[in-house]
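Contents: one structure, followed by commentary.
Each reported figure results from applying straightforward, stated rules to the coordinates on display, with no laboratory input. For clarity, every value in this text was computed on a predicted model and none was experimentally measured. Here the Cβ is made from the backbone with ideal geometry for all residues, glycine too, and neighbour counts use every protein chain on show.
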Amino acid sequence: MSRKGALALALSANLALAVAGCDGPGDPIKITRSAGGGDPSAPETPLTAFGHLPLSIRAPGAPVDATVSIGGQPAYNVGPDPRARGRLVATPMGQAAPGPADIVISWEGGELSYPEALQFAGPIDPLFDRYASFGASLTQGIQSGSLGPHGQLATAAVLIARQAGAYAGVPLVKPDLLPLVEPGDLTPDCEIQEGRDIPSRFAEAMGLLVDDETGVLDLREVRVAPASEVRNVGVGGSNLPDILNGAGQGSEPALAFMEHLAWDPETSNLFDAVSASPERSQIEMIEQIQPTLVVSLDMLDNELMDPVTRTDDPANAQVPTAEELRPDTEELVRRAAAAAGQVFIGDVPPVSFLPEVRRRAQRIGKTDLSHIDSAIDEINAMLRQVAAEYDNVHIVGINVMAREVLVAGVELADGTRLTGDFLGGLLSLDHTHFSDSGYALMANAFLDAIEEATGVQVPRVDLDAVAAQDPVGPLLLQPPPCSATVQSAQ
C-alpha cells in the first residue's frame, strides 16, 4: 500500500473511532479536533507520527490531576474533557517510529492502561521518514521575543512536518518558561517597554528554574517530555560557528543555556548550563540523526541580523562579507549534504524590511540601507554557489518571498491584508520574528521548493485558517494595542 493510501486508511479509521459510541469498552480513545486549532466542528485529522493532536481518553475513576503517557512519553494539555464525563483530554508528542502506542493514565493510588490503543500512521512519503531541522530562532519557533510551546509548534520547520505527517521531534517547553511580549508590554508607538525585553525575561526565567535552597537547576521540569527524541535542534541566536561548534565556553551564556534546554535537559548544574555547550553541536546532532530530509530556515540569518538589529544606527552596521562567511558555509553545507538525503536551506531575508530597523534608521535620518541589502544579495549568491556543488542541497528563496509579502502584503479570502508593518499580521509582537501567519507562508515556500526538487506533493498550509486563529493577527488582536508607521522599504 502507498504512503498516501495508508494515510487515507488512518483517516478512515480515526473517523470511525470518532463517531463510535464513547462509552464502550472498545472505544477508549477519540480524536477531538483538527491539528489546526480548537474548533470542535473542524474536520477530523488522522493521527500521524507528527502527533500534537488532542485526544479524548476514557478514564473512569481518574482524578483531574492524573498524568497521561502515550507511547512512553508524557502527554501535555491534560485535563477533563468538557464534552464528556469520565474522560480526559491529552495531546501526544508524536512518535518517531510509526506504529502502535500504549496509553497509561496514572495517579496516586491508581492506574489505567490501554495497550496498543493508538496507531500512529507514517508520513505521506518516505522522504519524510526521518525529518529534521536545524538553525536559529525561526527554526526553533521564537515569537514575540520569547520561546514558548505555541511558537515551537507554529514555526515553519514544524508546520512542514505536520503537513507531511512526519515526526518533528520538537523539544517542547512548558508554558511561561520565558513569558512572551504581550500587547500590554507595548508603548503607544509599538516599542517594547523597558524591562520587558528578551534579556530581562531570560534573567527572570533563570531565577524560576533554580531551587532557592539547593541551587540545583532542573531543566527537565520545564520540558514537556525531556526524554523524547529531538529532531528540531535549532536554537535562537545561533550563528554559523554556533551551529558548527556549539555556543562556546561561556561567551554566550543565554545561548548555551538554550542548547542545554533543547538537547541536554539532564544538566543539573547552573554553571554547566551557561558556561559551555552540550557535548554535540547542531550539525553533529544532524549527523547522528541521518535524516532523509533536513531543513534550515535561517542558517545564515544571524550573521546579518545581529549587527543590524542590535544597534541604533543600522545604516552603519558592520556586516560580514560573503567571502568572510564562505569557509563556515562550505563546511556546514558539506556536512549537511553528507548526513541527509535531501537538504533545503532558506536564504537570508532582507533585514532592512523589518519595521523596527526602518524606524531606527528614520530617527537618525539615515534611511538608505541599500548597502545592507546588497551585502545580503552577495551572501545569498555565495550560498547558492556552495549549494550547487551538491545534487541534494537546495536553496529556498525566502528573500524574494519576504520582499513580496512584507511590503505588498498578502490578501486573505475575506479581504483582510496581512503585511510586515507594525501589527500588520505577518510579524509577532517583537517586530522581528514571524507570526503564525508569517510562518505559514514560509512553510509553503519550503513545500513548494520540496515539490519542485523531489516531485513529492504535500498539502500546503491553509493561510486563511491559520490567520483566523493567529493571536497577534489583525483578526484577533482587536483593538490594536498600539499604532506606528514607518517609511516603507523599497
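Evaluate E = 1/(1 + (r/R0)^6) for T321 and T454, where r is the Cβ-Cβ distance and R0 equals 35 Å; express this FRET efficiency to the nearest 0.05.
The value I calculate is 0.60.
In which sequence would Y131, Y390, Y114 go, from the one with the fewest C-beta neighbours within 10 Å to the one with the most?
Values: Y131 28, Y390 14, Y114 17.
Least to most surrounded, the residues fall as Y390, Y114, Y131.
By average Cβ neighbour count within 10 Å, what is the ranking of 49-57, 174-182 from highest down? Display every interim value, and only then the final one.
Working: 49-57: 23.9, 174-182: 17.1.
The densest-packed peptide leads the list: 49-57, 174-182.
List the trypsin sites (Lys or Arg not before Pro) in segment 47-121 that DSSP assigns to loop (not H, G, I, E or B) and whose Cβ has at most 15 other Cβ atoms within 10 Å. Which are they?
Numbers: sites: R58, R83, R85, R87; in loops: R83, R85.
Within segment 47-121, the qualifying trypsin sites (Lys or Arg not before Pro) (loop, at most 15 other Cβ atoms within 10 Å) are R83, R85.
Evaluate E = 1/(1 + (r/R0)^6) for V64 and R280, where r is the Cβ-Cβ distance and R0 equals 45 Å; express this FRET efficiency to the nearest 0.05. Intermediate values should be presented prior to the final figure.
Details: r = 40 Å, r/R0 = 0.88.
Plugging the Cβ-Cβ distance into 1/(1 + (r/R0)^6) gives 0.70.
On a full-extension model of 0.36 nm per residue, what is the gain between Q290 and D312, subtracting their alpha-carbon distance, rounded to one decimal in nm? Before the final figure, lay out each step's value.
Details: separation 22, 0.36 × 22 = 7.92 nm, distance 4.21 nm.
Computed gain between Q290 and D312 is 3.7 nm.
Shape verdict for segment 126-468, please, from the Cα gyration tensor: rounded (a/c under 1.5), prolate (a/b greater than b/c) or oblate. Don't skip to the answer; put the middle values down first.
Details: a/c = 1.28, a/b = 1.05, b/c = 1.21.
The shape class here is rounded.
Grab every C-alpha pair in segment 229-376, bin the distances at 10 angstrom width from 0 up to the longest one, and report whole percents.
11, 35, 31, 19, 4
Along the Cα-to-C-beta direction of D218, a point sits 7 Å from the Cα; which residues of segment 70-91 have their amide N less than 17 Å from that point?
Within reach of a label on D218: 74.
Residue separation times 0.36 nm, minus the C-alpha to C-alpha distance between H150 and R83: what's the value?
Details: separation 67, 0.36 × 67 = 24.12 nm, distance 2.38 nm.
Computed gain between H150 and R83 is 21.7 nm.
Which of the peptides 274-281, 235-242 is most tightly packed, and how do the rest follow, judged by the mean count of other Cβ atoms within 10 Å per residue?
Values: 274-281: 18.4, 235-242: 22.5.
For the peptides 274-281, 235-242, the packing ranking is 235-242, 274-281.
Between Q469 and S374, 0.36 nm times their residue separation minus their Cα-Cα distance comes to what? Write out the running numbers ahead of the final one.
Details: separation 95, 0.36 × 95 = 34.20 nm, distance 3.63 nm.
The span from Q469 to S374 would gain 30.6 nm if fully extended.
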